[in-house]
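J.: Before I ask anything, here is the structure I am working with.
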Amino acid sequence: METERAAYQEFTRHVQEQVSRSAGQQVRVLNVLEAPGLSQDLYRDGIHPSPNGNTYLAGLIAAAIRTNEP
């Protein structure tokens, strides 16, 4: 599991660098899999969020947007 986590973290770092380079500015990538409180019951089939999962993800996104406001 630790090897998979390290590979995922390296992948997300790479994605953030590539997107930032393409955009010509620093871009933040929200790493949902690292979010506290994330659990399998927030997904209806392991991939797609349930209604509760949608609410949880919306809260994460809103918090991330608020932390980037001037």
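The values are calculated or read from the model by the stated rules, or taken from the named source; none is laboratory data. The model shown is predicted, which means the values in this text are computed figures rather than measured ones. With ideal geometry, Cβ positions are generated from the backbone for all residues, glycine too; neighbour counts draw on all protein chains shown. Surface accessibility is based on the protein's heavy atoms, side chains included, excluding ligands, DNA and RNA. Shrake-Rupley method; radii C 1.70, N 1.55, O 1.52, S 1.80 Å.
J.: Output the Kirkwood hydrodynamic radius of the chain, Cα pairs only, in Å rounded to one decimal.
T.: Kirkwood radius, the chain: 13.8 Å.
J.: Ignoring ligands, DNA and RNA, what percent of the accessible area of the chain is carbon or sulfur (1.4 Å)?
T.: After summing per-atom areas, the C and S share lands at 57 percent.
J.: Counting only heavy atoms of the protein chains, get the accessible area per residue of the chain (1.4 Å probe) and round it to a whole Å² value.
T.: Using a 1.4 Å probe on heavy atoms only, each residue of the chain averages 79 Å².
J.: Cα centroid distance between the range 1-25 and the range 29-59, in Å?
T.: Cα centres, the range 1-25 to the range 29-59: 20 Å.
J.: Give, as a single signed number, the net charge of other residues whose beta carbon lies under 10 Å from the beta carbon of Val27, with Lys and Arg counted +1 and Asp and Glu -1.
T.: +1
J.: For a quick check: with amide H placed at 1.01 Å from N, whose amide H comes under 5 Å from Tyr43's, ignoring anything fewer than 5 positions away on the same chain?
T.: Those lying under 5 Å, H to H, from Tyr43 are Ser50.
J.: Count the net charge of all other residues whose Cβ sits under 14 Å from the Cβ of Ala6, scoring Lys and Arg as +1 and Asp and Glu as -1.
T.: Surrounding charge for Ala6 is -2.
J.: While we're looking at this one, here's another question. Given the DSSP H assignment, sum -39500 (n - 2.57) over each helix run of at least 4 residues in the chain and divide by its residue total; what's the result at 222 nm in deg cm²/dmol, nearest 500?
T.: When only DSSP H runs of four or more count, the value is -19000 deg cm²/dmol.
J.: Shifting gears a bit: Using only alpha carbon pairs under 8 Å that are at least six residues apart, calculate the relative contact order of the chain and give it in whole percent.
T.: Contact order relative to length: 19 percent.
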